[in-house]
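Chemist: Here it is: the structure, laid out below.
The values are calculated or read from the model by the stated rules, or taken from the named source; none is laboratory data. Since the structure is predicted, the reported quantities are computational estimates derived from the model, not experimental observations. So basically every Cβ, Gly included, is an ideal-geometry build from the backbone, and we count neighbours across all protein chains shown. Side chains are part of the model used for accessible areas, which takes the heavy atoms of the whole protein and leaves out ligands, DNA and RNA. Shrake-Rupley method; radii C 1.70, N 1.55, O 1.52, S 1.80 Å.
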Amino acid sequence: MPSPVGHMLAGVAVTWSILPQARTRVATVAAVLAAAPDLDLLLPVQHRTATHSIAAVALVVIVAAAVTREVTPAWRARLAAVCGLAVASHLLLDWLGPDPVFPHGIRMFWPLSDRFFISGWDIFRPTARTAIFSPAVMAHNLAAAAQELLLLGPLVWLLWFVRVKPAARFPAEVPGRHHPPK
Ligand SMILES: [Zn+2]
């Protein structure tokens with residue numbers, strides 16, 4: 001599985017693909033959501049199950065649509081899409097990476113299926129989640145994070161250059177309170 005560095009870069013990439021004119025805090029929320037499924041490591045549950053599934057993506061879309069009720073409908077749909085796709089990007093990156101722990105992969109289609117899915121392509125380096133402050137594990141995880149930065153950093157930069165920078169030249173479409181016609 002990739003480190004939080006790779007997942008957060010993917011969250012920013014999702015934001016700038018869909019909402020290049022969004023404020024920094026939208027990209028920040030998306031980055032946190034993209035890394036959040038691994039918080040299951042702190043819970044007494046099996047890793048890479050419910051938080052790594054289409055159910056988690058659907059839940060985040062529903063919550064995002066509920067908490068953005070006061071912005072215009074167009075912004076609300078796009079903000080919900082950014083939040084849902086940020087979580088979906090976590091599933092994609094984990095699916096593309098190696099997983100030495102059995103059962104390998106993620107329970108991507110839970111609750112529709114209990115199967116674990118993994119591509120087997122091992123695009124990212126594995127990260128260690130135990131003894132993370134030992135020098136050997138720190139070096140191992142830093143190398144993994146550096147590789148993620150090399151793979152995803154150029155994509156994020158490209159999106160900033162072709163999407164965010166040009167969008168900043170035009171008057172911002174600021175989301176305001178939506179007043180439905182009386
Ligand atoms: Zn994960």
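Chemist: Can you confirm whether ALA144 is small (Gly, Ala, Ser), closer than 20 Å to THR28 by Cα and under 19 Å from the mean Cα position of the chain (by Cα)?
Modeler: The answer is no for ALA144.
Chemist: I'm trying to understand the selection: among the residues of segment 92-123, which are open to solvent by less than 80 Å² (accessible area, probe 1.4 Å), in contact (Cβ under 8 Å) with a residue 60 or more places away in the chain and within 11 Å of the ligand (Cβ to nearest atom)?
Modeler: LEU93, ASP94, GLY97, ASP99
Chemist: For segment 69-82, enumerate the residues that are in contact (Cβ under 8 Å) with a residue 24 or more places away in the chain and of a type outside the set (Lys, Arg).
Modeler: GLU70, VAL71, THR72, PRO73, TRP75, LEU79, ALA81, VAL82
Chemist: Moving on. Hey, does segment 39-49 have a residue that's assigned to a helix (DSSP H, G or I), over 19 Å from THR127 (Cα atoms) and out of contact with any Pro (no Cβ under 7 Å at 6 or more places or on another chain)?
Modeler: no
Chemist: Looking only at segment 1-51, which residues are within 11 Å of the chain's Cα centre (by Cα), open to solvent by 50 Å² or more (accessible area, probe 1.4 Å) and within 16 Å of the ligand (Cβ to nearest atom)?
Modeler: Those that are within 11 Å of the chain's Cα centre (by Cα), open to solvent by 50 Å² or more (accessible area, probe 1.4 Å) and within 16 Å of the ligand (Cβ to nearest atom): PRO4, VAL5, MET8, VAL32.
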